[in-house]
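One structure below.
The values are calculated or read from the model by the stated rules, or taken from the named source; none is laboratory data. A quick note: this is a predicted structure, and the numbers were derived from the prediction, not measured. Here the Cβ positions follow ideal geometry from the backbone for every residue, glycine too, while neighbour counts run over all protein chains shown.
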Amino acid sequence: MLQEWNAARLASSAGARLAASGAGGGGPARVVIDSREAGPGDLFVGLRGERTDGGRFAAQALEAGVWGVLVTEDRARGLDGGGAVLAADEPLAALQRLATAWRRELRCAVIGVTGSTGKTSTKDVLAGMLAPYRRVVATSENLNTEIGLPLVVLSAPAGTEALVLEMAMRGAGQIAELAAIAEPDVGVITNVGPVHLELLGSVEAIAAAKAELLAGLRAGATAVVPAGEPLLEPHRRDDLAWVTFGPGGDVDELPDGLTLPFDSAHMRRNALAALAAARAVGVEPAGEVEVRLSRLRGQRVRLGSGAVVVNDCYNANPMSMHAALDDLAASAPGRRVAVLGDMLELGPDAERFHAEIGAHAREAGVDELVTVGPLAERIGAAFADGGAGAVHAVADAGEAAALVPGLVRPGDTVLVKASRGVGLEAVAEALEHEHGSERRG
């Protein structure tokens with residue numbers, strides 16, 4: 001990482017003042033923002049939050065033997081623990097500038113990935129496609145924000161040849177901020193849909209927010225976008241290479257001999273976006289692609305009883321709910337059980353969106369439905385309107401975790417999905433505890 005940079009260069013790159021140079025001549029091995037994780041060789045960045053200033057733990061970090069600290073000017077005064085002390089008016093901005101400087105030092109291909117759904121899975125598939133051909137660092141866990149993205153960039157070792165960076169968005173301007181830090185060579189938008197409507201108000205506004213990634217690309221860079229997506233047409237740039245994916249697009253099928261560890265339609269569509277991005281950086285994937293899907297994003301867990309749990313409870317919106325139900329319909333050899341919770345931040349049309357999911361669950365042939373939360377009751381009501389299978393409504397994840405294990409039979413496939421705030425991973429964990437688990441895939 002930054003070990004070849006001395007304290008003076010690091011401070012200059014971050015736009016910070018070097019208040020103390022420390023004892024060593026090299027740079028830090030790691031950048032951390034949690035003082036509890038800080039240790040020898042680390043640069044601890046004390047970020048200011050709404051409730052606390054991480055800089056107040058700088059002295060503690062220095063006592064733990066860190067390489068140095070990056071804090072506000074006020075916090076830097078009086079620090080004397082043997083490590084380097086960098087002072088900045090705003091430590092987060094300094095962290096971001098440092099990440100950009102390191103990204104430029106790496107001189108590697110940088111791919112930014114955003115979208116209303118599927119951005120994490122697309123990032124995972126793309127990293128798998130690139131790994132046999134390039135030294136790749138990709139976003140891990142949920143490090144896809146104005147804090148997490150710089151940490152991912154700064155974790156990349158010297159010699160990294162490709163950075164695959166997921167970019168999250170909850171409001172206007174956030175993708176633009178991430179693109180300014182990452183300076184991507186390729187920008188991927190997986191899709192545009194009704195997510196965060198409560199904050200942005202319309203799908204047109206969501207498209208504009210996602211298209212901030214396209215606006216942040218340098219001239220000559222590559223934009224990878226869904227074929228036939230009219231919402232992105234107003235944001236087209238003539239100075240970009242424009243590559244479309246999906247039916248009717250420039251990349252509309254996976255090549256013979258390219259093997260992926262999934263069959264669902266939405267995952268194969270994500271793979272087309274990943275393939276387009278891989279080709280944009282000069283890689284033509286072939287053979288079996290090893291994909292490590294991020295936690296809670298559709299992992300299949302085979303229970304000891306023979307049932308299968310599709311653990312897809314990291315997030316949910318109307319698009320991803322439809323896709324997950326379609327996959328359940330196509331892949332379940334036995335009964336289809338769906339545990340569906342509230343989809344949050346959908347604005348004034350939230351009840352309608354939930355009712356539409358209930359109707360779709362009925363069309364998908366769900367045999368037993370469990371709804372979790374007050375909004376999800378609309379899913380159950382619409383599902384029951386057509387005289388479909390059994391419906392159970394519970395108030396929260398705890399009640400669901402107590403109920404569902406007793407409903408599941410050998411041979412069932414159980415989809416567990418809701419917005420992150422519902423906490424439905426408790427249901428998947430309860431199923432594994434009650435029925436045991438044989439393998440994950």
Within region 98-131, of all residues that are surrounded by fewer than 20 Cβ atoms within 10 Å (Cβ to Cβ) and of a type outside the set (A, V, I, L, M, F, W, C), the one nearest to PRO285 (Cα to Cα) is ARG107
Residues of region 286-315 being assigned to a loop (DSSP other than H, G, I, E, B), out of contact with any helix residue (DSSP H, G or I) (no Cβ under 8 Å at 6 or more places or on another chain) and either crowded, with 23+ Cβ neighbours inside 10 Å or modelled with pLDDT of 90 or more (or both), in sequence order, are ALA286
Within region 250-278, restricting to residues that are out of contact with any Ser or Thr (no Cβ under 9 Å at 6 or more places or on another chain) and charged (D, E, K, R), the one that is nearest to GLY220 (Cα to Cα) is GLU253
Contact list, first residue from region 330-341 and assigned by TED's automatic domain parsing to the domain that holds ALA430 and under 10 Å from GLY365 (Cα atoms), second anywhere and in a loop (DSSP other than H, G, I, E, B) and acidic (Asp, Glu), beta-carbon distance below 7 Å, six or more apart or interchain, is ARG335/ASP367; ARG335/ASP412; ARG336/ASP367; VAL337/ASP367; VAL337/ASP412
Scanning region 65-90 residue by residue, the ones that are under 23 Å from SER155 (Cβ atoms) and within 32 Å of the chain's Cα centre (by Cα) total 9
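Checking the conditions here, which among ALA265, ALA215, ALA227 is surrounded by fewer than 22 Cβ atoms within 10 Å (Cβ to Cβ), among the small types (Gly, Ala, Ser) and over 21 Å from ILE111 (Cβ atoms)?
None of the other options fit; the residue is ALA265.
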Reported set for region 137-159 where residues are outside any helix (DSSP H, G or I) and crowded, with 22+ Cβ neighbours inside 10 Å is ALA138, THR139, ASN144, ALA156
Scanning region 385-411 residue by residue, the ones that are surrounded by fewer than 16 Cβ atoms within 10 Å (Cβ to Cβ) and either in contact with a helix residue (DSSP H, G or I) (Cβ under 6 Å, 6 or more places away or on another chain) or of a type in the set (Gly, Ala, Ser) (or both) total 8
So for region 188-195 (the condition being loosely packed, with under 15 Cβ neighbours inside 10 Å, assigned to a loop (DSSP other than H, G, I, E, B) and either under 19 Å from the mean Cα position of the chain (by Cα) or in the same structural domain as ALA280 (by TED's automatic domain parsing) (or both)), does at least one residue qualify? no
Checked region 67-97 for anything surrounded by fewer than 22 Cβ atoms within 10 Å (Cβ to Cβ), charged (D, E, K, R) and farther than 16 Å from PRO150 by Cβ; matches are GLU73, ASP74, ARG77, ASP80, ASP89
Scanning region 389-430 for residues that are under 20 Å from the mean Cα position of the chain (by Cα) and farther than 22 Å from SER305 by Cα gives ALA418, SER419, ARG420, GLY421, VAL422, GLY423
The one condition LEU254 fails out of (1) hydrophobic (A, V, I, L, M, F, W, C); (2) farther than 20 Å from VAL137 by Cβ; (3) outside the structural domain of VAL113 (by TED's automatic domain parsing) is (3)
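Being touching a residue at least 40 places away in the same chain (Cβ under 8 Å) and hydroxyl-bearing (Ser, Thr, Tyr) is the filter; apply it to region 1-27 and report the residue that is surrounded by the fewest Cβ atoms within 10 Å (Cβ to Cβ). Don't jump to the end; show me each part of the working.
Within region 1-27, the first condition is being touching a residue at least 40 places away in the same chain (Cβ under 8 Å), and the residues that meet it are 1-2, 4, 7, 10-11, 13-24, 27.
Keeping just the survivors that are hydroxyl-bearing (Ser, Thr, Tyr) gives 13, 21.
On the way: SER13: 19, SER21: 16.
Taking the candidates together, the pick is SER21.
Only one of ARG352, ARG409 is under 19 Å from VAL301 (Cβ atoms), assigned by TED's automatic domain parsing to the domain that holds PRO318, at pLDDT below 95 and basic (Lys, Arg). Can you tell me which? Don't jump to the end; show me each part of the working.
Numbers: ARG352 fails: under 19 Å from VAL301 (Cβ atoms).
Step by step, each of ARG352, ARG409 is checked, and only ARG409 is under 19 Å from VAL301 (Cβ atoms), assigned by TED's automatic domain parsing to the domain that holds PRO318, at pLDDT below 95 and basic (Lys, Arg).
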Flagged in region 356-392 as under 16 Å from LEU403 (Cβ atoms), among the charged types (D, E, K, R) and assigned to a helix (DSSP H, G or I), in numbering order, are GLU377
Query - Verdict on PHE262 being at pLDDT 95 or above, within 25 Å of ARG297 (Cβ to Cβ) and of a type in the set (Phe, Trp, Tyr) - result: no
Report task. Return yes when GLY341 is surrounded by 23 or more Cβ atoms within 10 Å (Cβ to Cβ) and at positive phi and no when it is not. Result -> no
Output for Cβ contacts, cut-off 7 Å, separation at least six or different chains, first residue modelled with pLDDT of 95 or more in region 201-225, second of a type in the set (S, T, N, Q), reads LYS210/THR114; LEU213/THR114; VAL225/THR244
Quick count over region 164-184, residues being part of a loop (DSSP other than H, G, I, E, B) and buried (at least 20 other Cβ atoms within 10 Å of the Cβ), is 3
The condition of being in contact with a strand residue (DSSP E or B) (Cβ under 9 Å, 6 or more places away or on another chain) and over 17 Å from VAL416 (Cβ atoms) holds, among PRO333, PRO318, only for PRO333
